[in-house]
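Here the structure comes first, spelled out in structure tokens, and everything after it is commentary.
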Amino acid sequence: MVGVGRLFHADEINPHVVINTAAYTAVDAAEDDPESADAVNANAPAMLGALCAQRGLRLVHISTDFVFDGCAHRPYVPAADPAPLGVYGASKWRGEQAVFASGASHAVVRTSWVYSPDGRNFVLTMLRLMREQGTVRVVNDQIGSPTSARGLAEICWLLALNGDAGGVFHWSDNGAISWYDFACGIHEEALALGLLSTPAKIEPISTDAFPTKAQRPTYSVLDCRDTCSVLHVTQQPWRDALRDMLRSQQRPRGTV
């Protein structure tokens, strides 16, 4: 937590906007370590919000679809009541509340199923398993929307620039699919781009067949229409965004 305060004491840093991308995202581990989840997901945003309010800075804070319980049957609008199922979602919801109460100019961006060319995420994990194992089993009864990190970054930047856009915003790529559908899309696009030398077998399974410590929402599609209207943007179809990201895997790192 000391690091949050030091951010604003460095002479060379004079920000106008803070975009908080930090999060404790180990959903299952959070069930056994709620203190760590709260420290990063709730306490740190509270400190950031207070510091931003004191200095007149705008805060863009990233949150999650896990603030919802998944009992809906239509996309969640920003005004929908949060009801997190587990420690991770609850800690993120407390972080949102802290930002709301901070008095800082703010935009909270809820997103879902984020992936990128780097780090650890579902797309890269699927590619590795398809190469190493040949057969991959993926749940087919949890429905949501993938989000390209690049697209999410663009939305955060627009919100950083637009000080009049305040409150809660939802963002994902366009399309409501299961994790199994996502895996099949990854497989098909990777084959077409030559990222897989041989086809893999993708088997659908139920959530009950793949138990986890933390319960996941069965439906967490986000309604992004308000975001599109306020920022004058359109959602990219999830397959197009996925294809763009996978194309980056074809080039050696460091090349343009």
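The values are calculated or read from the model by the stated rules, or taken from the named source; none is laboratory data. What you see is a predicted model, and the numbers here were worked out from it, not measured in a lab. Cβ sites come from the backbone with ideal geometry, for glycine too, and all protein chains shown count toward neighbours.
Taking the criterion of being among the polar types (S, T, N, Q), surrounded by fewer than 19 Cβ atoms within 10 Å (Cβ to Cβ) and within 21 Å of N14 (Cβ to Cβ), the residues of segment 53-108 that qualify are Q54, S105.
Could you grab me the full set of residues in segment 159-183 that are assigned to a helix (DSSP H, G or I), within 17 Å of the chain's Cα centre (by Cα) and more than 28 Å from R128 (Cβ to Cβ)? Listed by number, the list holds a single entry, L159. Between R137, R120, R131, the distinction of being closer than 22 Å to F210 by Cβ and within 19 Å of the chain's Cα centre (by Cα) belongs to R120 only.
Taking the stated definitions as given, is D118 without any contact (Cβ under 8 Å) to a residue 40 or more places away in the chain, assigned to a loop (DSSP other than H, G, I, E, B) and out of contact with any strand residue (DSSP E or B) (no Cβ under 6 Å at 6 or more places or on another chain)? So D118 passes the test. In segment 9-36, the residues that are surrounded by 12 or more Cβ atoms within 10 Å (Cβ to Cβ) reach residues that are at pLDDT 90 or above and among the basic types (K, R) with C-beta atoms within less than 7 angstrom, at least six apart or across chains, in these pairs: V17/R58; D28/K213; E31/K213. Only a single criterion out of (1) surrounded by 15 or more Cβ atoms within 10 Å (Cβ to Cβ); (2) more than 30 Å from A104 (Cβ to Cβ) is not satisfied by A209, namely (1). Considered as a group, the residues in segment 130-144 that are part of a helix (DSSP H, G or I) and in contact (Cβ under 8 Å) with a residue 60 or more places away in the chain include one that is surrounded by the most Cβ atoms within 10 Å (Cβ to Cβ), and that residue is M130. In summary, L127 fulfils each of the numbered conditions (1) over 16 Å from R239 (Cα atoms); (2) surrounded by 18 or more Cβ atoms within 10 Å (Cβ to Cβ) with the single exception of condition (1). Confirm whether R110 is among the basic types (K, R), within 16 Å of L231 (Cβ to Cβ) and in a strand (DSSP E or B). Yes: the conditions hold for R110. Within segment 212-242, if we keep just the residues that are of a type in the set (A, V, I, L, M) and within 17 Å of H73 (Cβ to Cβ), the residue that is surrounded by the fewest Cβ atoms within 10 Å (Cβ to Cβ) turns out to be V221. When we screen I186, I202, I155 for residues that are among the β-branched types (V, I, T), part of a helix (DSSP H, G or I) and in contact with a strand residue (DSSP E or B) (Cβ under 6 Å, 6 or more places away or on another chain), the only hit is I155.
State which residue pairs qualify: first residue touching a residue at least 12 places away in the same chain (Cβ under 8 Å) and inside segment 88-104, second residue acidic (D, E) in any location, beta carbons under 6 Å apart, and separation of 6 or more residues or different chains. Partner pairs satisfying both residue conditions: S91/D38.
In segment 56-78, which residue that is of a type in the set (A, V, I, L, M, F, W, C) and part of a helix (DSSP H, G or I) is nearest to the chain's Cα centre (by Cα)? Reasoning before the result, please.
From segment 56-78, those of a type in the set (A, V, I, L, M, F, W, C) are 57, 59-60, 62, 66-68, 71-72, 77; that's our starting set.
Still in the running and part of a helix (DSSP H, G or I): 66-67.
Numbers: F66: 10, V67: 12 Å.
Filtering segment 56-78 for residues that are of a type in the set (A, V, I, L, M, F, W, C) and part of a helix (DSSP H, G or I), the one nearest to the chain's Cα centre (by Cα) comes out as F66.
Exactly one residue out of S91, S148 is in contact with a helix residue (DSSP H, G or I) (Cβ under 7 Å, 6 or more places away or on another chain), over 17 Å from S63 (Cβ atoms) and among the hydroxyl-bearing types (S, T, Y), and it is S148. Of all residues in segment 38-62, those that are polar (S, T, N, Q) have Cβ atoms under 7 Å from Cβ atoms of residues that are at pLDDT 95 or above, 6 or more apart or on another chain, in N41/A23; N41/Y24; N41/S91; N41/K92; N41/G95.
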